[in-house]
Amino acid sequence: MVPDGMGWIIVDALDTLMLMNLTTQLSHAQEWISTTLTYDKDHDVNTFETTIRMLGGLLSAHYLSTAFPNMAPIGTGGSVSSEDLYLEKASDLADRLLGAYDSQSGVPFASVNLRTMRGIPSHVDGGASSTAEATSLQLEMKYLSKLTGEKVYWDRAEKVMEVVDDNGMQDGLLPIFIYADRGTFRDKNIRLGSRGDSYYGEGNISNVTNCVLTVYRHQNISSNNTYRPPSKSRYTCPCGIRP
């Protein structure tokens, strides 16, 4: 157990509390985050779970607080606004998670110590990281990079996908374990279930997003930024996506 807890369920439920307009519960959660939650703990956490649940929970709360300010409108009662609180906590957590990416290949270790920021290889599976986990961290890290302007989060997350692509696996099907130190797959075990599943979902969100942005950068946009229907020679992204 960690002194004062990590607040996993509290943070993970923030967006649900907002969407359901549960202002009392949200106020209690926000107060706890503001006064008690700290990531300066000598504690090992799973890189993947901490990214999607804790970092993702803070970022989704930040998004809802800024995009929909009238949704469950409450504040911390202090000098820091709720959206700033979420973003500050997210940035602090992400900085600590970056230690997991300090492998020779850039593929994140399975776990990381929040205080020492040292990546820790898996205690099983020959020390290899789960492919699904390593390739499902991009959405949160890239979004944080967009919000803060700090390029390091984007670069570290994108590096993982580059290492995976450099393995040149056929038909886009990947073995379920990848060594963080070497950036190569452990064996040829391929499956769409656990340890592989998220790569084909969350992991490819960043790829699709990048492709869509590439496609629309080549569309006909008028001088006042209004969309004009494309001509017959429509641009196609190298991956095959067309608008």
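The values are calculated or read from the model by the stated rules, or taken from the named source; none is laboratory data. Since we're looking at a predicted model, the values are computed, not measured. Virtual Cβ from ideal backbone geometry, glycine too; neighbours counted across all protein chains shown.
Against the condition farther than 24 Å from Met54 by Cα and of a type in the set (Ser, Thr, Tyr), how does Tyr179 come out, does it pass? Answer is yes for this residue.
Of the residues in the stretch 63-85, not one is out of contact with any helix residue (DSSP H, G or I) (no Cβ under 9 Å at 6 or more places or on another chain), outside any helix (DSSP H, G or I) and within 25 Å of Ser198 (Cα to Cα). Evaluated against (1) farther than 24 Å from Leu37 by Cβ; (2) surrounded by fewer than 24 Cβ atoms within 10 Å (Cβ to Cβ); (3) not basic (Lys, Arg), Ser145 falls short on exactly one condition, (1). Only one entry in Asp42, Asp4 is acidic (Asp, Glu) and under 30 Å from Tyr179 (Cβ atoms), namely Asp42. When Ala134, Ala180, Ala128 are checked against the criterion of being under 28 Å from Ala61 (Cβ atoms) and of a type in the set (A, V, I, L, M), a single residue qualifies: Ala134. Which residue is farthest from Ala180 (Cα to Cα), if the candidates are limited to the stretch 99-122 and must be free of Cβ contacts under 8 Å to residues at least 60 places away in the same chain and under 17 Å from the mean Cα position of the chain (by Cα)? The extreme case among them is Gly99. Only one entry of Thr50, Thr24 meets the criterion of being at pLDDT 90 or above, surrounded by fewer than 19 Cβ atoms within 10 Å (Cβ to Cβ) and in a helix (DSSP H, G or I), and that entry is Thr24.
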